[in-house]
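This report refers to the structure that appears directly beneath it.
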Amino acid sequence: MLNLKKTSCRIFIFALLFFMSFSLSSANAAQYEDTKNHWAQYYIDYLNNAGYIRGYEDGTFRPDNNMTRAEFLSVLLNCIQRKPAYISYISGSSWAEVILDEAVKQGILNPSEYPTDINPYEFINRAEAAAFIARSLNIKPDYSPINFIKDIEQINSNPYKPYIKAIYKEGIITGYPSGEFKPYDKITRAQACVIFKRFLDKKIASYNNNPYSYPTIQKHYWENLTLSDVYAVYDKAGNKISSGSISRLRFRINNRSTLYDLDEIKVDPEYDYIIINNVKYDVSNIQILVRKNYSSYEYEYHLKDIYTKNNQLVFDCYQRSSIYIDKYYDICFYDTNYDRITSFDIYDLSVYLNGRWIKMTDSSLDILNEDEIEYKNKTYEITDLYLYCLYNNKQYKVYRTSYYGSKLKIYLETLSKSEYVAALDDIVFYEDGDRLNWYAEDLDIKINSRWHSFMDLSLISQDLIIYDDHRYMLKDKLIRKYNYPEIQYIINDAYFENERLIIKIERY
């Protein structure tokens, strides 16, 4: 498939804002007075000459200045050729807010990791940069113990510990000559250039090892399409339906009854038309039907624009008739007596997904319809959910939903403590009355004669666990630390105390 760059005002305006932020001062082969004989001159010149980073209008690069979060993400997005998809995000927003917004959409920046608003102008530290780089390269976090860095205590206390180890092993962000990683140290512009050069080398090596994972240039239009050729479908408000959450796409012409699958159409993203049965149709005459994973619904949208992004197609639509639920304004909660719970505030609520409590306000969590929510491209049935309310420190189980009068009504059953579910990263282990310095991420659990990572459990309570959609009793299960597989323990009791799950074990 051909990735044609679409000449549109969207790209022009973003490019203008981006280069204004770095104050382009000279030609591509610029030399800066303050980088001559600098230890990172080679890396600075490489990034500058490739157009990924620029100096300032006074002719300096300021290599030893610390880099802000927005500046780092801006260069990173430039390196992977990902730009904001919507001009509306630029209008009325600073360039830095545009960068952060796009980084969130690309899965690089996770707003839930910041207890308050994300400050784009705050200096970025080495641990945070490690997470951004790993996510950009699709490098999985490494939860195994770290024993080769001197400042191990600082790393163990850092929320980005698994990313630090993964990126350290890849050689992209390494330690200091002292043997320390210094996760909380700020990153200078010179250090960032070294990191991005290694990042680009890794990106190129990844392509060389698997060149067929990228679309092949054939003609001026796209054909023989599959879902892997689709980056996302966007609605009018800019809400993203990523291809990973879509099970089927179909198209029709001017509301006719005949439907065409993705592999039955050809697309020209440069001139905004679709070819069906050798006839060209402007996108304004096309409707697209989207079916999401684990859903029997098909949502119909009216196509407005087609363009390419990340060597994939983007179908830009506005929603016609399907339900839109704003989680901040359109949800009401009711108890088992059908009385409305007026004390609930969405800012106090968390939802239990895959063994973790996720804030309802998390930007990655969306209400799809009266039956489903979506979190990080995966769909969940609302009636399978547990909720935790910070206001009263109680847990609830959703047992029914309904949609009436533009409001989603969610009916909740209050749980007793014996029914509570626990976050996998908030479990306390005891042996012979002594609390163990154990973390669930370091453990394996034996299920059906096989060992599995403890973190693969989708639910755990004091009585049961759920693994791969199957329920098992927790008591009498064997566990072990994965780095000491010869020593096994048996679970002989579990209960909630002070809102935390206590698990008591003994040597098996």
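The values are calculated or read from the model by the stated rules, or taken from the named source; none is laboratory data. Quick caveat: nothing in here was measured; it's all calculated off a predicted structure. Backbone-built Cβ (ideal geometry, glycine too); neighbour counts: all protein chains shown.
In the stretch 474-508, of all residues being modelled with pLDDT under 90 and of a type in the set (D, E), the one that is farthest from A423 (Cα to Cα) corresponds to E497.
Do we find that Y114 is over 30 Å from Y482 (Cβ atoms), without any contact (Cβ under 8 Å) to a residue 12 or more places away in the chain, aromatic (F, W, Y) and assigned by TED's automatic domain parsing to the domain that holds A190 in this structure? Taking the combined requirement at face value, the residue satisfies it. Residue-level check: of (1) in contact (Cβ under 8 Å) with a residue 60 or more places away in the chain; (2) over 29 Å from the mean Cα position of the chain (by Cα); (3) within 15 Å of S350 (Cα to Cα), N392 misses just (1).
Of the helices (runs of 4 or more DSSP H) that lie entirely inside the stretch 119-177, those containing 1 or more residues that are in contact with a strand residue (DSSP E or B) (Cβ under 9 Å, 6 or more places away or on another chain) and touching a residue at least 40 places away in the same chain (Cβ under 8 Å) span 126-136. Among the residues of the stretch 341-356, those that are among the hydrophobic types (A, V, I, L, M, F, W, C) and either at pLDDT below 90 or surrounded by 20 or more Cβ atoms within 10 Å (Cβ to Cβ) (or both) comprise F344, I346, L349, V351, L353.
Can you say whether S94 is under 31 Å from the mean Cα position of the chain (by Cα), at pLDDT below 70 and more than 19 Å from I133 (Cα to Cα), as far as the supplied structure shows?
Yes, satisfied.
State the number of residues belonging to the stretch 483-501 that are within 25 Å of Y143 (Cα to Cα) and surrounded by fewer than 16 Cβ atoms within 10 Å (Cβ to Cβ). Walk me through how you get there before you give the answer.
Of all residues in the stretch 483-501, those within 25 Å of Y143 (Cα to Cα) come to 483-491, 494, 500-501.
Of the ones still in play, those that are also surrounded by fewer than 16 Cβ atoms within 10 Å (Cβ to Cβ) are 483-487, 490, 500.
Total satisfying the criteria: 7.
Would you confirm whether or not the stretch 418-431 contains a residue that is closer than 22 Å to I465 by Cα and without any contact (Cβ under 8 Å) to a residue 40 or more places away in the chain? The answer is no, given that none of the residues of the stretch 418-431 is closer than 22 Å to I465 by Cα and without any contact (Cβ under 8 Å) to a residue 40 or more places away in the chain. Can we say S296 is surrounded by fewer than 16 Cβ atoms within 10 Å (Cβ to Cβ), in contact with a Ser or Thr (Cβ under 8 Å, 6 or more places away or on another chain) and not in a strand (DSSP E or B)? Taking the combined requirement at face value, the residue does not satisfy it.
Against the criterion of being surrounded by 14 or more Cβ atoms within 10 Å (Cβ to Cβ), more than 31 Å from the chain's Cα centre (by Cα) and of a type outside the set (G, A, S), Q462 does not qualify. When P145, P120 are screened for being at pLDDT below 90 and either more than 27 Å from S242 (Cβ to Cβ) or exposed (fewer than 15 other Cβ atoms within 10 Å of the Cβ) (or both), only P145 passes.
Quickly run through the stretch 482-508 and pick out the residues that are in contact (Cβ under 8 Å) with a residue 24 or more places away in the chain, over 15 Å from L424 (Cβ atoms) and either in a strand (DSSP E or B) or hydroxyl-bearing (S, T, Y) (or both). Selection gives Y489, Y495, K504, I505, E506, R507, Y508. In the stretch 344-364, of all residues being out of contact with any Ser or Thr (no Cβ under 7 Å at 6 or more places or on another chain) and either part of a loop (DSSP other than H, G, I, E, B) or in the same structural domain as S461 (by TED's automatic domain parsing) (or both), the one that is nearest to Y329 (Cα to Cα) corresponds to D345.
When you check D456 against the structure, is it charged (D, E, K, R), within 22 Å of N156 (Cα to Cα), outside the structural domain of R356 (by TED's automatic domain parsing) and surrounded by fewer than 11 Cβ atoms within 10 Å (Cβ to Cβ), yes or no?
It is false that D456 is charged (D, E, K, R), within 22 Å of N156 (Cα to Cα), outside the structural domain of R356 (by TED's automatic domain parsing) and surrounded by fewer than 11 Cβ atoms within 10 Å (Cβ to Cβ).
Taken together, K359, K417, K397, K376 contain a single residue that is on the phi > 0 side of the Ramachandran plot and either touching a His at 6+ places or on another chain (Cβ under 7 Å) or surrounded by fewer than 19 Cβ atoms within 10 Å (Cβ to Cβ) (or both), which is K376. With respect to I108, is the statement that it is in a loop (DSSP other than H, G, I, E, B), over 18 Å from the mean Cα position of the chain (by Cα) and of a type in the set (A, V, I, L, M) true? No, not satisfied.
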